[in-house]
Amino acid sequence: MLYIVTQLAVRITGPAFARHLRTSTAGCMSLQRSRVVPTVKQRCLSSGQTANLNLSSVATAAGPVTVSTMPESAVQGLQPQALWNYFHDLTQIPRPSKFEDKVIAYLQQFATQRKLDYKQDSTGNMVIKRPGSGGGEAAPTVVIQGHIDMVCEKNNDVQHDFHKDPLKLIKKGDWLKAEGTTLGADNGIGVAAALALLDMPASAKLPPLECLFTIDEETGLTGAFGLDGSLLTGRTLLNLDTEDWGEIFIGCAGGGDSILELPVQLELVPKTHSHPQELKISGLMGGHSGLNISEDRGNAVVLAALVLQALVKGHPDVRIISLTAGDKRNAIAREASAILEVPSGEARLLVQQLVSQQALSLKDEYGHLEKDMAIHIYDHPERSPNAMTLDSQTKLLTLLSTLPHGVIKWSHAVPGLVETSNNLAAVKPGTAGDSEVTYTITCSTRSSLSHAMEVQRARIAAIAGLCGASVAQDKAYPGWAPNPSSPVLQVTKDAFQQLLGKEPKVAAIHAGLECGIIGEKVPGMDAVSYGPTITGAHSPDEQVNIGTVKPFWDVTLKILEALADKKQ
């Protein structure tokens, strides 16, 4: 049914839900499911009848959520329509890790409007249940799982508040990305697929579903660790959080963080130093600290320490005011900035020459891969009264250059699988006093073997101690041990084979998935993980391959149809 809308400007606040008005290519709107409440009477093109269009909002304690009343052109017309529409909604709702209240409100409204049962545990995880249908009513319950938070990374020149602003979507060929920020396809596409499944008609052949939406996956799998296993009755799990279409994953690495704190002593900048400079490293690819760690991409923390060491060696009077590099624990550092003071006279020119030499050397080393890498030094407009003491800047640079980064060991059991790695993720100063500032250095270690991971974390702690830093290490999360005899794996392989016409690749992944933790919380859980192709996760280069989303959806339906034939 089409309606002429002559003039309409709507701001929907709260987790206003259901489907909203969708714009047709003729400039009209089709009403797919009512969303919210002021009424506009419009005439139907096909029948001449009038209808009331509900266009208001539901206020929540979570605060306002702005959701566009029509999809951006970037997703319009993409298939499957329901999945893409829900994904668009998610991109309009801020959902940083640990701040998922607005998207939780959206999910609650979704379930309430559809009269679906839902529960939450004390951690904040949510399960929405849908009864079986289309002949699958008596089948065993299947758990569909995804996490609702996203990594929030942006380019330095982009103005974006991840706690308030919706994402701006861009379609380029067969890829969808966001303008200057992460896209949140990790794991928004999986969450959108779960919502589309919950919203399928009563005639659809589906087993009973328990759609589990976990919180805070990206900053330590907090939701999975805190999961109340009694929320779930199902013992078959489809995790929709991997990023290589055509592959089925049945195992993953475990991981644990190390947070180092180094006290850095400050002193007055010598009077002979009157040329503040800023060293900037930018344009690196960054990426996922598990999936991309084997590619030897440039790490801004590592490169900044290397360049600064060369400057100090070439001109010992260079003094470091501050150093900031990297951000998220699970992202390879993309940008760095260091403020320096150099002596008057020829020292400034010498320092610039040294930076140029380092930039050329690093281009030779990384330039074939890191085509946009930029290393420059500029005049800095402001002078600082304090700089690091020579002893403290030596300790900081020694610590950063000694900590491991990258692949530490490849698996002997599974050729081509990274077994153990460490990501030197970030270095940041705290609030400086007159004589001291504490620098925080973040490391994220992953391994398929818990013993190997703890060996590396002990190594990091030892290096920290030698440099005068303290270290705090959280409890590592477990890996997910592969089970090649898994019943759901065979069903999934059959569905992929039918769709692709060839046997799919079955693999383990060097990244953290929630399957292993959920398996500990819910004994007997049989799981697989798969998803569409997503590249550049955890960086502003994140993009999802549009052409893989439809087959990802189709194979999910095939798997569920097969599981609907199973009996309790």
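The values are calculated or read from the model by the stated rules, or taken from the named source; none is laboratory data. Treat the numbers as computed from the prediction; the structure is a model and nothing was measured. With ideal geometry, Cβ positions are generated from the backbone for all residues, glycine too; neighbour counts draw on all protein chains shown. Surface areas here come from the heavy atoms of the whole protein model, side chains and all, with no ligands, DNA or RNA. Shrake-Rupley method; radii C 1.70, N 1.55, O 1.52, S 1.80 Å.
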In the range 396-419, the residues that are surrounded by fewer than 22 Cβ atoms within 10 Å (Cβ to Cβ), farther than 15 Å from VAL302 by Cα and of a type outside the set (Asp, Glu)
ILE408, LYS409, TRP410, SER411, HIS412, ALA413, VAL414, PRO415, GLY416, LEU417
Going through the range 124-160 one residue at a time, which ones are more than 20 Å from the chain's Cα centre (by Cα) and under 24 Å from THR219 (Cβ atoms)?
VAL127, ILE128, VAL143
For MET285, only one of the following conditions fails: (1) touching a Pro at 6+ places or on another chain (Cβ under 7 Å); (2) part of a loop (DSSP other than H, G, I, E, B). What is its number?
(1)
Would you confirm whether any residue within the range 459-477 is open to solvent by less than 50 Å² (accessible area, probe 1.4 Å) and more than 30 Å from PRO263 (Cβ to Cβ)?
no
Specify the residue that is farthest from ALA481 (Cα to Cα); the eligible residues are those in the range 525-550 that are charged (D, E, K, R) and part of a loop (DSSP other than H, G, I, E, B).
ASP541
Residue, most open to solvent (accessible area, probe 1.4 Å), within the range 312-348, restricted to residues that are more than 20 Å from the chain's Cα centre (by Cα) and either of a type in the set (Asp, Glu) or at positive phi (or both)
GLU346
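Tell me which residues, restricted to the range 471-503, are part of a helix (DSSP H, G or I) and touching a Ser or Thr at 6+ places or on another chain (Cβ under 7 Å). Let's see the steps before the verdict.
Taking the range 471-503 as the starting set, the residues that turn out to be part of a helix (DSSP H, G or I) are 487-500.
Scanning the range 471-503 gives a single hit, VAL488.
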Out of the range 353-387, which residues are surrounded by 14 or more Cβ atoms within 10 Å (Cβ to Cβ), in contact with an Asp or Glu (Cβ under 9 Å, 6 or more places away or on another chain), more than 30 Å from SER435 (Cβ to Cβ) and touching a residue at least 24 places away in the same chain (Cβ under 8 Å)?
LEU362, TYR366
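Name the single residue, out of those in the range 237-248 being open to solvent by 30 Å² or more (accessible area, probe 1.4 Å) and of a type outside the set (A, V, I, L, M, F, W, C), that is farthest from PRO208 (Cα to Cα).
So the first thing to find is which residues in the range 237-248 are open to solvent by 30 Å² or more (accessible area, probe 1.4 Å), and the list is 244-245, 247.
Checking the rest, the ones that are also of a type outside the set (A, V, I, L, M, F, W, C) come to 244, 247.
On the way: ASP244: 27, GLU247: 25 Å.
The residue in question is ASP244.
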If you take the residues in the range 472-503 that are modelled with pLDDT of 95 or more and under 30 Å from ILE332 (Cα atoms), which one is nearest to the chain's Cα centre (by Cα)?
GLN473
